[in-house]
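The values are calculated or read from the model by the stated rules, or taken from the named source; none is laboratory data. A quick note: this is a predicted structure, and the numbers were derived from the prediction, not measured. When we count neighbours, we look across all protein chains shown, and the Cβ atoms used for this are built from the backbone with ideal geometry, even at glycine.
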Amino acid sequence: MKPPPFRYARPDSLDEVLRILDEHDGGARVLAGGQSLIPLLNFRLARPEVLVDIALVDEFSRLAVEDGVLRIGASVTQHAAETSDEVARHCPLLSKALPLVGHLQNRARGTVVGSIAHADPSAELPAVALVLGATMVVRSVAAERTIPADQFFLGPFTTALEPDEMLLEVRFPAGTAARTAITEIAPRSGDFAIAGAAGRLTATDDGTVANVALALFGVGAVPQRLPEVERLLEGENVTPEALDEAARITTATAEAGSEDVHADPAYRARVAGELTRRIVEEMAA
Amino acid sequence: MTARPTHIGALVARVEDDRLLSGAARFAADISLPGMLEAAFYRSPLPHARIEAVGIGDALDVPGVSGPFTAADMTDVSPFPDFDEFARPVRIFPLARERVRYVGAPIAVVVADDRYRAEDACELLEVDLDPLDPVVTTDAALAPDAPLLYPDWPDNVVIDFPVDNPDANAEFDGRMAVSGRYEVGRHTGVPMETRGVVAEFREGRLTVWSTTQFPHIARTMLSYCLPLDENDIRVIVPDVGGGFGVKAEFYPEEVTIPWLAMRLGRPVRWIEDRREHLLATCHARDLVLDIEAAVDGDGRFRAVRGMAIQDLGAAEMYPYGFSPAFTAIGHITGPYRIPHQSVGLVAVATNKTPCGAYRGFGIPEAAFAIERLMDKAADRLGIGRNEIRRRNLIGQDDIPYTTSAGAIIDSGSHREAFEETVRVTAERVEHWRADLAHDSRIKVGSGVVNYLEGVTPTYYMTTGHWTAFDSCSMRVNPDGTVVVSVGVSTSGQGLESMLVTLTAEALGVRREQVRVVMGDTDRTPYGLGSWGSRSTNVASGALRIASDLLLDKATRIAGHLLEASPEDIEVYDGALSVRGSPGASVTWQQVATAANIRTVDLPEGVEPGLEASATYEPPGIEHVPDEFGRVNAAATYTNASHAAVVSVDTGTGQVRVLEYIVAHDCGTVINPQIVRGQVVGGIAQGIGGALLEQLHYDEWGNPQSTSFLDYHLPGATEIPAMQVLHFESPAPEMPWGAKGAGEAGIIGPAPAIAAAAEDALSDIGIAEINRTPITAPYVLGLIPGS
Amino acid sequence: MKPVPDPTGRLAVSMVVNGRTVERTVDSRRLLADLLRDDLRLTGTHLGCEHGVCGACTVLVDGRPVRSCLMLAVQADGREVTTVEGITPEDGLSPMQQAFKDHHGLQCGFCTPGFLMTLAGTEPDEHADEESVRDLLAGNLCRCTGYEGIVDAVMAGWGRSR
């Protein structure tokens, strides 16, 4: 299990990164923390012509809150975000999700942006991005564009990124008004989730749900919002009956196509309902 | 020579640890020889296929590559011999000939300057395989029109051992029958170190460094397969990163790599990667026990009968993969007084990785079946699950007791261990219920199970060899240090420390005086290696005899030097002294000097030299079962009671082991820390097999668990704190009374956890848990509402 | 660490390993673990899975525990790498190594350097109780000990009783 041959580039500017991506027309892969890419290389499941190591591009290491937005650059490690006071203060759901990502040795190198760009259907951070309505900042030699999270994840390991584009930064709306929660079931600690749910909820003083966003991960091909459940809950109090109904609708409406050695779609759908119930209950408490 | 201070049972640090902790240990992958090449195997991507051609493709474009080598090149190699008289001969050849029968079967090998390039070249080979219909389950293998794995066989049955015992059948007349079909899933040892072989051929002599658990057996096998005498082969076992039975098999790579070193005239290293490991190192378990018991109204079991159905995978495994199933039959009654049994075996070939040895070796499967059946009978009769065991357990009054499988139980603490476990468990389950009472979705339960384990078995059922012996040589150097060399071999359990302790105990020397040599066929006497919880028994037996011979001579020399009678010489703390005269004393150095380099000081009639060799084969071992499967196949039997306290999340089905309690009795404990480590380590592996680990195949025979992303080993967060309660019932026939502790821990977890999960859900009422692994989806599927 | 404008197969790297500056020319695909083990002969770092799960290859890079099987040697260019050899005193064992020995925190010892390196990069204060210690250890697999001796050793090594 050794990587196949590839060429390696370590540019020190964004322009140079983009130029190499452009030049190789899909044959180049960005190497950030490598915690998803290097296993694929070791298994020889990925065969890039060129790896573009972005470690020297200073601007990618930026983690900052500006104008109500938490901006996380492409080389910010999960460990850096996990231990960042700013993230804890302005984006608590991300803080709660990060300890669930791999193990600490992986988080020491793995990046927040890399995990989102990798789009593993069972990964936590894409679902967090979806729940929070994050924005992907994407650039190629030709242009920069932004992609909302709900248009970014197209399928397992497939995103709206074009081959010559790079995900430079993910922007999370900052804010602490909402309550947030994330939970998952995994065969063992640190493993990818069989199913998980993440949410954000604001309630009025009397407990009425003003606004709620819920997303599942590990259940289907992409992280998915639960619009029917959200509609059910908004404007209501979170009663035991409402929780039962939320679980029922989640199970009934979730796109639960994922089938692997760990669980079948029926299990994933049922547990998705249960996990949704749990995070809503937690957020409403 | 009595009443000297004892090392037995003392808490002493292991002698192995310093090198392992500092990174100075030398594992197979750490071996680097001048001019060494590295090998990579091209392995079958198909479960069942005919090999049409192996083409070189563009592989030679990779710099420094040699190969590919295939079976056709190995004209001077013989297949593994088939010794077993019961089974169909499989004729294993190191590289596949004509046909591949599982994904991962080695077809060709290439070498290069490093593993990166060897893998590059492997990928470029053009191998033409003609797919054949795969056989993926035992049912499919036994179907009348099943495709045949071995075309010259009439069917896919490797071994058929029906048993029909009229005495057992008679017990079913007029009694309640309780039946179940119990399936222990396919999982395996998965040591943290994979396998590895390094070979060098120089001046007509082959040296092989191998991660094997049995260097002498490996050398014998190499001599069968390669055109070399055993004298021309040296097998060395470096530090080994865990074996657990999977390294007590002799594998194709262990012939291929030495053959390459001979062919190429350069050292060759092959280090298995983890993907290869999950495909090509033996799988295990995958056994169904379909059994029923005749039970009296008061819960007493009168007979067990049924069938063991073993999915062997491709069956290309030596020692044989069906042997654990025989061991399961031999343990089907557990430590219970069940007068009759009648359990047969059918073992079939399928297109999966061949099954072989894994710690527990059939006994976990037997324990899962009989303990589950006992729970079922208790529930049906309305007797408590603990109470029914109480009514069936072997008591002190029963010992010696011969089980209906033929096992002769000469000692043990079956009831005492059980009652203590029950008592502690009752307290702990209350603690946990209170602790988790705030969450109505979490249910807590417990289960207590018992087992006995035959240790130091015959090698016959596994290899066709009529033997169970091992050996020890001891030599005292002129400076008084002692070299002990043995035929057993360590893979990290602490045998080195154990032998240091026993030598110090036997000779009255200080531990620091002792050096242990093992795992080197040039430097150790012939022996069968380490498996079957045997090393403590057989090595201590041989060591005891050798040390007695040595002591006899040493006391005669000391007596002569001290002008005292040899009978009055006692040994301790490195000295030989006249009993009652503390000043009258000589050191081992003085005695060994007389024996080796001042022979003029020897008494008349005493030959020079101070060394002794001995072999030991435990008494009472039978090799072959009778027509009803009865055999006393082991030297002695350990016992234990296990309890799991678990929580079940009723919303997700997830089972968590909150705490584990074990009362363990392996006779005399030589090193309490090592015994405890073996027990808790075995339990952790058992928990892994019970809850997490499974080697999945899809319906076409493609393996689905080829990485640690899909094969889950338990981590520190999945393994609970454990309470170990010690019992010591020395084995009357064994030297020092020690029984062997290597495998026991792994036997209890599956039935204990299954029982505990059912107990937790007893309010809800679920269908029986009758298979492992007990995954969350499986458990949730048992809870109504699915 | 300098940019590599013209990518080629082999690259010069310089890093500090166990306090000594090491300069080598390596294939760009070479894993850090293989550089350490085969090129520098620091064989205390072990490869157990080569896909970042088992933790046997854990080393410190700039003081933080990482998987050396999931890092290219070129990515360690300009960084500080510490292996088990680097935390072992000249004469004897470190307190944590000694605690592993005293509490039977190892059997075959293959995984042990990885555990030691995770611990070497950890602040004890961040792991106050046994549950938290087990969480800390979740990224290192041991197949021998059942973690009992390891948890005991960590507690003792950090001056706590279990």
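Key figures
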| quantity | calculated |
| --- | --- |
| Residue, nearest to B:T481 (Cα to Cα), within the stretch B:576-604, restricted to residues that are small (G, A, S) and within 46 Å of the chain's Cα centre (by Cα) | B:A592 |
| B:S729 vs. criteria more than 11 Å from chain C (Cβ to nearest Cβ) and more than 15 Å from B:A417 (Cβ to Cβ) | no |
| Test: residue in the stretch C:145-152 that is in a loop (DSSP other than H, G, I, E, B) and more than 9 Å from chain B (Cβ to nearest Cβ) | no |
| Selection within the stretch C:58-73 - farther than 13 Å from C:V16 by Cα and facing another protein chain (nearest Cβ under 9 Å) | C:T58, C:R64, C:P65, C:V66, C:R67, C:C69, C:L70, C:M71, C:L72 |
| Positions within the stretch A:251-266 being closer than 17 Å to A:S122 by Cα, away from chain B (no Cβ under 12 Å) and without any contact (Cβ under 8 Å) to a residue 40 or more places away in the chain, in sequence order | A:A254, A:E255, A:A256, A:G257 |
| Odd one out for C:P113, checked against (1) under 28 Å from C:S14 (Cα atoms); (2) more than 7 Å from every other protein chain (Cβ to nearest Cβ); (3) in contact with a helix residue (DSSP H, G or I) (Cβ under 9 Å, 6 or more places away or on another chain); (4) of a type outside the set (D, E) | (2) |
| Verdict on C:P95 being free of Cβ contacts under 8 Å to residues at least 24 places away in the same chain, surrounded by fewer than 22 Cβ atoms within 10 Å (Cβ to Cβ) and within 12 Å of chain B (Cβ to nearest Cβ) | no |
| B:A168 being closer than 28 Å to B:Q704 by Cα, modelled with pLDDT of 95 or more and not assigned by TED's automatic domain parsing to the domain that holds B:A218 | no |
| Residue that is in a helix (DSSP H, G or I), touching a strand residue (DSSP E or B) at 6+ places or on another chain (Cβ under 9 Å) and polar (S, T, N, Q), where the choices are B:S641, B:S547 | B:S547 |
| Positions within the stretch B:452-492 being buried (at least 24 other Cβ atoms within 10 Å of the Cβ) and either farther than 17 Å from B:W531 by Cβ or within 14 Å of chain C (Cβ to nearest Cβ) (or both), in sequence order | B:L452, B:C472, B:M474, B:V476, B:V482, B:V484, B:S489, B:T490, B:S491, B:G492 |
| Evaluation of B:M722 against (1) within 24 Å of A:A186 (Cβ to Cβ); (2) outside any loop (DSSP other than H, G, I, E, B); (3) under 20 Å from the mean Cα position of the chain (by Cα) (one fails), failing number | (3) |
| Unique match (being crowded, with 22+ Cβ neighbours inside 10 Å, in contact (Cβ under 8 Å) with a residue 24 or more places away in the chain and not β-branched (V, I, T)) among C:R37, C:R30, C:R64 | C:R30 |
| First in the stretch C:123-135 and more than 8 Å from every other protein chain (Cβ to nearest Cβ) and under 13 Å from C:G157 (Cα atoms), second anywhere and crowded, with 19+ Cβ neighbours inside 10 Å and of a type in the set (K, R), Cβ under 8 Å, 6 or more apart | none |
| Index of the failed condition, B:P751 passing every other in (1) in a helix (DSSP H, G or I); (2) within 12 Å of chain A (Cβ to nearest Cβ); (3) closer than 28 Å to B:G362 by Cβ | (2) |
| Filter pass, B:A112 being within 14 Å of chain A (Cβ to nearest Cβ) and either charged (D, E, K, R) or more than 21 Å from B:E52 (Cβ to Cβ) (or both) | yes |
| Strands (runs of 3 or more DSSP E) (entirely within the stretch B:376-495) containing at least 2 residues that are among the β-branched types (V, I, T) | B:442-457, B:482-486 |
| Qualifying residue in the stretch C:82-89 (condition: modelled with pLDDT of 95 or more, surrounded by fewer than 19 Cβ atoms within 10 Å (Cβ to Cβ) and either at the interface with chain B (Cβ under 7 Å from one of its Cβ atoms) or farther than 28 Å from C:R30 by Cα (or both)) | yes |
| Index of the failed condition, B:G653 passing every other in (1) on the phi > 0 side of the Ramachandran plot; (2) surrounded by 24 or more Cβ atoms within 10 Å (Cβ to Cβ); (3) away from chain A (no Cβ under 14 Å) | (3) |
| When residues of the stretch B:754-786 are limited to those that are within 14 Å of chain A (Cβ to nearest Cβ) and of a type in the set (A, V, I, L, M), the one nearest to B:E617 (Cα to Cα) | B:I774 |
| So C:P7, is it modelled with pLDDT under 95 and buried (at least 20 other Cβ atoms within 10 Å of the Cβ) | yes |
| 1 or more residues within 12 Å of the chain's Cα centre (by Cα): qualifying helices (runs of 4 or more DSSP H) within the stretch C:26-127 | C:84-87, C:112-120 |
| Within the stretch A:68-97, considering residues that are within 14 Å of chain C (Cβ to nearest Cβ) and in contact with a Lys or Arg (Cβ under 7 Å, 6 or more places away or on another chain), the one nearest to A:E282 (Cα to Cα) | A:E82 |
| Selected residue (criterion: farthest from the other protein chains (Cβ to nearest Cβ)) from residues of the stretch A:23-67 that are under 24 Å from A:L94 (Cα atoms) and polar (S, T, N, Q) | A:S61 |
| Filter result (free of Cβ contacts under 8 Å to residues at least 40 places away in the same chain and hydrophobic (A, V, I, L, M, F, W, C)) within the stretch A:60-100 | A:L63, A:A64, A:V76, A:A80, A:A81, A:V87, A:A88, A:L98 |
| Enumeration of residues in the stretch B:605-638 that are buried (at least 20 other Cβ atoms within 10 Å of the Cβ), within 25 Å of the chain's Cα centre (by Cα) and in a loop (DSSP other than H, G, I, E, B) | B:P618, B:I621, B:P625, B:G629, B:R630, B:V631, B:N632, B:A633 |
| Number of the exception - B:V178 against (1) outside any strand (DSSP E or B); (2) farther than 24 Å from B:T463 by Cα | (1) |
| Of all residues in the stretch A:188-207 being surrounded by fewer than 23 Cβ atoms within 10 Å (Cβ to Cβ) and not charged (D, E, K, R), the one that is farthest from the other protein chains (Cβ to nearest Cβ) | A:T204 |
| Residue within the stretch B:487-498 that is at pLDDT 95 or above and closer than 29 Å to B:T599 by Cβ present | no |
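Residues checked against (1) surrounded by 15 or more Cβ atoms within 10 Å (Cβ to Cβ); (2) more than 20 Å from B:E183 (Cα to Cα); (3) among the acidic types (D, E):
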| residue | (1), (2), (3) |
| --- | --- |
| B:L132 | yes, yes, no |
| B:L142 | yes, no, no |
| B:P154 | no, yes, no |
| B:D160 | no, no, yes |
